[in-house]
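The values are calculated or read from the model by the stated rules, or taken from the named source; none is laboratory data. Keep in mind that this is a model prediction, so the values were computed, not measured. Cβ placement follows ideal geometry from the backbone for every residue including glycine, while neighbour counts extend to all protein chains displayed.
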Amino acid sequence: MTQGLQAIVDGILIGGVYAIVSSGLSLVFGIMGVVNFAHAEFLMVGMFVAYFAWAILGLDPLIGSLIALVVVFLAGAGLQRTLIRPILKAPPVAQIFLTVGLMFTLENGALLLFGADYRSVVTSYQTESLHLGGIIVSMPYLFAFLMSVISGGLLWAFMRYSRTGRAMRATAQDPMAAKLVGINTDRMHQIAFGLGVGLTAFGGAVILPYLTVYPTVGSQYVVLMFTVVVLGGLGSVAGAVVGGLAVGVIQALSALVFPMQLQNLVLFVVFIAVLALRPSGLLKGASA
Amino acid sequence: MSLSSSLGNAGTPSLRTLPCRPVLLIAAALGMAGLVPLGLDPQGYTLRVLTLTLLFAAMAQSWNIVGGLANQISLGHAGFFGIGAYTSTILLRDLGVSPWLGMIAGMGLAGLAAAILSVPTFRLKGHYFALVTLAFGEVMRVIANSWSSVTGGPVGISVPFAPNSLWMFQYNTVRPYYYVSLIALVLVSVVFWRIKTGALGYRLRAIKENPDAAEVIGIDTYRAKLMAGLVSAVLTAALGTVYAQFSYFFDPDTIFGVASISVRMALIAIVGGVSLTFGPIVGAFFIIPLEEISNAALAGRAAGLSAFVYGALLIAIILVKPQGLLALFGDLYKRLRKESSR
Amino acid sequence: MSKSAEDQRSSSLVVSRRTILAGTGAALAMPFIARQGMAAAKDVNVGVVVPLSGANAQFGINSRNAIQLVADEINAAGGIKSLGGAKLNLIIADSTSTPTTAATVAQRMISQNSVVAVLGAFASSLTLAISEVTERRGIPLLTMSFSDVLTERGFKNVFQVVSKGSTLGRAQFDYSVALAKASGETIGKVAIMYEDTAYGTSQAEGLRQAAKAAGIAVVLDEAYPLGVTDATPLINKLRSSGAQLVFPVSYLNDSILIVRTMRQQGLDIPTIGGAAGYVIPDFRKALADLGDGVLSISPANYDQAPELTERFRKRFGYFMVHEAIEHAALTGVLASALENAKSTAPDALRAALLGATFDQGWASVMTGGSVRFDETGHNKNAYPVMVQWQKDELVTVYPPEAAKGKAQWSKRG
């Protein structure tokens, strides 16, 4: 019983992080219709930015995450202009492989710049935990979760109430109509891409206190992020939150029943099954 | 056929008077391809790279049936590839079955896997299809990794050493593998061309243009896609056996690799020109030597530089000519002709 | 007694055979040497295939550094004297993390650079793939990969300088039990956690065998996918298993995750790592004080031959990690073998590698102080050591004949 409860608590904590990391991917697809296979690499970039903010400026990664957000937002907006915009109207094939090329470039660019070392930060709360009646809540996970919840809430408010957010949603729903009412859809795409990769970088920074950063760290998250966004409905940011929490809890609970080795297998089977049983529902999610 | 007609449309009299010229060209290229190994070290590096190029061209051609003709971008063909490699190797290791028979068994299993996979995927399009197939490849990898008693698990599996026997499909030198790969490429290309120009090809094209309209005029879209998927999977599995016999050793991460197999197969077809008969061949002769040259020239200098350059070139190709190299060559050819006619 | 006599006899036999072979080699090479007498001695090309990109890049770079250091030293001291002062010329290439590419690279070196031997390739899967090429071309492959399979396939050209994975696993277990006993603790329940790779599974198999032989219960025996994003479920299982000791076999990322999550949950049972992630400077740097006192098995350690390994630290700024030590030893062995063979012909080189004991220069940096390959190509003088993080250094604490410090077997919180 305690074990099950513990697993659910752990699953929710890690799932919150999966949610914020994946919502960026979902945002990019929802607004631009591009599936970004390089997206997980921006998690790595965010982790590196937060690492250097810690190593050089002495900033805690939780604060460094804001720097990561800003830096990667700007970089993403630049990349959108140079690489993504030319292929917006291209067939999915070209989009997929441009982002695959970007993935290789980012991963190996990091290797060239920073070397292959594994880097990690030291913080005071790293090994702290709360004990609540037999349930253990580890502090770095809790902090990462809280940061994700706050940023998720801000994103939701931004998309719903701000002028830019509303314009972005309009661009997603009908780019032609958005243009007619005077929205600069090009600019919206740029903001969406920057924000999408920025959020993922932010997510990478907040998990740095309990993980290590190295050039290939992103590859651990590629399939995971896609599972999250597909479970929640590709393109839906709210769906990514549901999907993130679901994946976190499924991972934690499946570890109780199955060997850890099969953790990903369970995830993939759920993923394929959802698409098999509810393809219409998910396809509907995509058009929204 | 399609090539000759498209060249004919270009309106050069010299070409129109020679309608069989593409056939002659192909025959000449094949003859050359058959003679090349005789001038090379039978165990050498150049021959090995050429063999891998032909093998990957054949793999990309199999992918082209699904990814090009049926317009479904699979990122999980490593799943079928690995089924072929594992089936023949396990049968050989445990029962001493000839890899040729093991190849047939592997093709059967891959067909079965493709049929099962078609149930959740047949209605999916574009990115969704890509993602499910990506997950399929990963599922196969995890199974091979965990099912150690049969597959050998993460330690990998070695092909028992029994060189120089046609029946056991094993040779001490690279040369026979070169010819096997060349024959495989020709066979897969013929299958591709027959499908493309045959009834199935027309049906697939109709579905590609407008799926709803295709349904209305009575095309069984599920059946057409399933057929393309089955043929592609079965051919990929057969090539998996060739690969296993050529490399003698493989492990789950290699054979079910997302970047090293699944993405590469698709990449080669796309770089060359998707859904064109000669696309994968041009792509393979560009990509595989490029990987080799960049590795040879750059890897000693800075870690990661060669892979970085590889990624940057990929981006450049897609930005400059998303339709692939063949289209790029076509443009250049046209421009040259214009210049010369002036 | 009789055994050592036999050893002596066989080694003298080998020496004589080697002399003959070398003699023939020299006779065959005569015209070339005569011609070369005028010009400078021809360089000897040595292939180095290690991962320089991908997840294992760090280990490949460490290995390359060590090989470069040893080759530079040998060249500065006049090269291979029996070959007229020929210099070792390293042909370095990236194996990537794909076995096919690694094999292609090896083939390239053999046919285009005429390398006399290949060093590499860190990961067992890469080395296995390369060995299929080198065996067919009859070129010696010198490796520090752990896999048991490497030297158990009857290949004639594979030389493995380290203890095999299963040996490491058994030592990891037996040494730990011995250390616990010495501090008055009786071990009844242990846990094994390992990454599901070739390295993890073969070492876990050794741990399992040793536990069975010792009659000690394995209360948790769990493989996990390499590069987990969350170790919490694993540590939850460990906590409820009631194990007194845990043997994690993992690379750095997972090592750090495992140790940190254990400490978060207040789990302070002794942790005895399985080399890889537990014996590199980044482990200590990442965990700071948490890493202090962590034990690990290791196939070699730098405090065994400080006069050599300090040169590495001086040039590269970090202590000589085990893969660097092993590759340095291999380079030293190769140089000595070339010296003895007086030829670069593969057969002469193979004969020079087999049977002889290499205990000069860098060849002596391995555990046991020397390298001697048996007929399967395995270095039978190597044995694993138990190391412990004490301050910022890795100190060998077991077995007693190799120990440089006392083990601190105390529970920590």
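Specify which of the listed residues (A:Ile250, A:Ile272) is in a helix (DSSP H, G or I), more than 17 Å from the chain's Cα centre (by Cα) and at pLDDT 85 or above.
A:Ile250
Being crowded, with 24+ Cβ neighbours inside 10 Å and more than 18 Å from the chain's Cα centre (by Cα) is the requirement here; does C:Ser255 meet it?
Judged against the criteria, C:Ser255 is a match.
If I ask for residues that are closer than 17 Å to A:Gly46 by Cα, more than 8 Å from chain B (Cβ to nearest Cβ) and touching a residue at least 12 places away in the same chain (Cβ under 8 Å), which ones from the stretch A:68-105 would you list?
Passing the criteria: A:Ala68, A:Leu69, A:Val70, A:Val71, A:Val72, A:Phe73, A:Leu74, A:Ala75, A:Gly76, A:Ala77, A:Leu79.
Confirm whether A:Ser65 is among the hydroxyl-bearing types (Ser, Thr, Tyr) and either on the phi > 0 side of the Ramachandran plot or over 20 Å from the mean Cα position of the chain (by Cα) (or both).
No.
Just checking: which of the helices (runs of 4 or more DSSP H) contained wholly in the stretch B:225-342 hold 2 or more residues that are among the aromatic types (Phe, Trp, Tyr) and farther than 22 Å from B:Thr87 by Cα?
Per the criteria, B:279-298, B:305-320, B:325-341.
Mind counting the residues in the stretch B:299-321 that are at pLDDT below 75 and buried (at least 20 other Cβ atoms within 10 Å of the Cβ)?
Qualifying residue count, the stretch B:299-321: 4.
Do you know which residues across the stretch B:252-277 are closer than 13 Å to B:Phe56 by Cα, more than 11 Å from every other protein chain (Cβ to nearest Cβ) and hydrophobic (A, V, I, L, M, F, W, C)?
Scanning the stretch B:252-277 gives a single hit, B:Met265.
Among residues belonging to the stretch A:109-165 that are charged (D, E, K, R) and under 19 Å from A:Pro61 (Cβ atoms), point out the one that is surrounded by the fewest Cβ atoms within 10 Å (Cβ to Cβ).
Residue satisfying both the conditions and the ranking: A:Glu128.
Please indicate, with yes or no, whether at least one residue in the stretch A:27-45 is assigned to a helix (DSSP H, G or I), over 21 Å from A:Val241 (Cα atoms) and not small (Gly, Ala, Ser).
yes
If B:Met168 passes every condition in (1) surrounded by 21 or more Cβ atoms within 10 Å (Cβ to Cβ); (2) in a loop (DSSP other than H, G, I, E, B) but one, which one does it miss?
For B:Met168, the failing item is (1).
The conditions are (1) touching a residue at least 24 places away in the same chain (Cβ under 8 Å); (2) within 13 Å of chain C (Cβ to nearest Cβ); (3) in a helix (DSSP H, G or I), and B:Thr173 fails exactly one of them. Which is it?
Status for B:Thr173: all satisfied but (3).
Kindly provide the set of residues from the stretch A:70-93 that are at pLDDT 85 or above, surrounded by fewer than 18 Cβ atoms within 10 Å (Cβ to Cβ) and within 20 Å of B:Lys321 (Cβ to Cβ), ordered by number.
Across the stretch A:70-93, the qualifying residues are A:Thr82, A:Arg85, A:Pro86, A:Leu88.
Any residue at all in the stretch C:339-358 that is closer than 24 Å to C:Asn157 by Cβ, in a helix (DSSP H, G or I), touching a residue at least 60 places away in the same chain (Cβ under 8 Å) and of a type in the set (S, T, N, Q)?
Yes - at least one qualifying residue is present in the stretch C:339-358.
Looking at the stretch B:301-341 only, could you name the residues that are closer than 30 Å to C:Leu90 by Cβ and either under 24 Å from the mean Cα position of the chain (by Cα) or facing chain A (nearest Cβ under 8 Å) (or both)?
Scanning the stretch B:301-341 gives B:Ala302, B:Ala303, B:Gly304, B:Leu305, B:Ser306, B:Ala307, B:Phe308, B:Val309, B:Tyr310, B:Gly311, B:Ala312, B:Leu313.
Got a number for residues in the stretch C:142-188 being aliphatic (A, V, I, L, M) and part of a strand (DSSP E or B)?
Of the residues in the stretch C:142-188, 2 are aliphatic (A, V, I, L, M) and part of a strand (DSSP E or B).
Exactly one of (1) touching a His at 6+ places or on another chain (Cβ under 9 Å); (2) in a helix (DSSP H, G or I) is unmet by A:Ala55. Its number?
For A:Ala55, the exception is condition (1).
Can you tell which of C:Val70, C:Val105, C:Val115, C:Val133 is in contact (Cβ under 8 Å) with a residue 12 or more places away in the chain, assigned to a loop (DSSP other than H, G, I, E, B) and either outside the structural domain of C:Leu334 (by TED's automatic domain parsing) or among the β-branched types (Val, Ile, Thr) (or both)?
The conditions single out C:Val115.
In the stretch B:235-262, what residues are surrounded by fewer than 24 Cβ atoms within 10 Å (Cβ to Cβ) and among the β-branched types (Val, Ile, Thr)?
B:Val258
Do we have any residue at all in the stretch C:144-154 that's among the aliphatic types (A, V, I, L, M) and within 9 Å of chain B (Cβ to nearest Cβ)?
yes
Residue pairs, Cβ under 8 Å, 6 or more apart or interchain, first in the stretch A:159-179 and closer than 10 Å to A:Ile31 by Cβ, second of a type in the set (S, T, N, Q) and modelled with pLDDT under 90. List them.
Going by the 8 Å Cβ cut-off, the qualifying pairs are A:Thr171/A:Thr185; A:Pro175/A:Thr185.
What is the number of the single condition among (1) part of a helix (DSSP H, G or I); (2) within 14 Å of chain B (Cβ to nearest Cβ); (3) surrounded by 22 or more Cβ atoms within 10 Å (Cβ to Cβ) that A:Phe48 does not meet?
(2)
Can you confirm whether the stretch B:137-145 contains a residue that is more than 14 Å from chain A (Cβ to nearest Cβ), in a helix (DSSP H, G or I), touching a Ser or Thr at 6+ places or on another chain (Cβ under 6 Å) and within 30 Å of A:Gln263 (Cα to Cα)?
no
Do any helices (runs of 4 or more DSSP H) lying entirely in the stretch C:215-294 carry at least 3 residues that are closer than 20 Å to C:Phe59 by Cβ, touching a residue at least 24 places away in the same chain (Cβ under 8 Å) and at the interface with chain A (Cβ under 7 Å from one of its Cβ atoms), and which ones are they?
The helices (runs of 4 or more DSSP H) meeting that bar are C:252-264.
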